[in-house]
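See below for the structure under consideration.
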Amino acid sequence: MKKTAQAAIRPEKAEDIAAVFAVNQQAFKRQEEARLVDVLRAQVSPLLSLVAVVDKAVVGHILFSPVHVENARRAPQLMLGLAPMAVLPEYQRKGIGSLLVRRGLDACRAAGSGAVVVLGHPGYYPRFGFVPAVQFNLRCEYPVPDNVFMAIELMPCSLDGCQGIVKYHPAFAGV
Ligand SMILES: CC(C)(COP(=O)(O)OP(=O)(O)OC[C@H]1O[C@@H](n2cnc3c(N)ncnc32)[C@H](O)[C@@H]1OP(=O)(O)O)[C@@H](O)C(=O)NCCC(=O)NCCS
């Protein structure tokens, strides 16, 4: 059976910023996502940024930032995009990413978010309740296959009548 690491999930603090950069850089093996996190932190509100801590060290990170549906007649008051998320390579496949997603979605719901979208692997996110966003008539602004752009309602029927192109912060276009 897969070993589950004992990780504590908590909101990011100012003193975590360098460690969050390092986690993203090491997980993605490049700096673009780490820099994106810094840009969003400086420019975007509200932002939900959580870290996973093992033995007082930050080993994982997840970020949620606002997205909007272009020309939507009806949309949740706060819709968030999950991205990026990262776990240090040596801590992967121990359940820490799953814990970050589950606690992250709880935090989004507590912050009043009606729905979350994610552009990611279709074998990973459905286990948390994500379904292809096309089922809600939502499409990604980027040209991606339908099954990799997913959405989850955090409040019942929050995406009823909401349809259109989901737009991310412009900083995502550079990644
Ligand atoms: C994606 C990531 C955060 C998952 O963290 P984690 O702690 O390893 O996740 P968990 O242990 O909860 O789950 C691991 C499961 O996810 C699957 N998985 C994770 N990323 C995957 C991917 N890109 N493609 C396919 N499967 C993936 C693993 O195969 C594993 O599946 P299993 O449970 O059936 O064995 C981590 O792999 C990572 O940092 N990857 C590099 C950065 C990245 O691609 N981030 C996601 C895009 S924003």
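The values are calculated or read from the model by the stated rules, or taken from the named source; none is laboratory data. What you are looking at is a predicted structure, and each value in this text was computed from that prediction instead of being measured. Because the Cβ atoms are built from the backbone with ideal geometry, glycine has one as well, and the counts that use them run over all protein chains shown.
A few comments on the model shown:
- Scan of segment 122-141 for residues that are assigned to a strand (DSSP E or B) and either at pLDDT below 95 or surrounded by 16 or more Cβ atoms within 10 Å (Cβ to Cβ) (or both), ordered by number: PRO132, LEU138, ARG139, CYS140
- Filter result for the condition that a residue is outside any loop (DSSP other than H, G, I, E, B) and under 21 Å from LYS13 (Cβ atoms), over VAL67, VAL58, VAL116: VAL58
- The single condition among (1) outside any loop (DSSP other than H, G, I, E, B); (2) over 18 Å from GLU33 (Cα atoms) that VAL144 does not satisfy is (1).
- Matching option when the condition is under 14 Å from the mean Cα position of the chain (by Cα) and among the hydroxyl-bearing types (Ser, Thr, Tyr), among SER45, SER49: SER49
- Residue match in segment 89-104 (condition: over 21 Å from LEU154 (Cβ atoms) and of a type in the set (S, T, N, Q)): yes
- Among residues of segment 159-175, those that are out of contact with any Leu (no Cβ under 9 Å at 6 or more places or on another chain) and either without any contact (Cβ under 8 Å) to a residue 40 or more places away in the chain or buried (at least 21 other Cβ atoms within 10 Å of the Cβ) (or both), counted: 2
- Any hit, segment 153-173, residues being more than 16 Å from the ligand (Cβ to nearest atom) and closer than 23 Å to ARG30 by Cβ: yes
- Number of the exception - GLN77 against (1) among the polar types (S, T, N, Q); (2) touching a Pro at 6+ places or on another chain (Cβ under 8 Å); (3) away from the ligand (no atom under 13 Å from the Cβ): (2)
- The listed residues are ILE62, ILE9, ILE17, and the only one of them that is in contact with a Lys or Arg (Cβ under 6 Å, 6 or more places away or on another chain) and of a type in the set (A, V, I, L, M, F, W, C) turns out to be ILE9.
Conditions tested, residue by residue: (1) touching a residue at least 60 places away in the same chain (Cβ under 8 Å); (2) within 16 Å of the ligand (Cβ to nearest atom); (3) under 25 Å from ALA171 (Cα atoms).
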| site | (1), (2), (3) |
| --- | --- |
| VAL53 | no, yes, no |
| GLY60 | no, yes, yes |
| GLY81 | yes, yes, yes |
| GLY95 | yes, yes, no |
| ARG102 | no, yes, no |
| VAL144 | no, yes, yes |
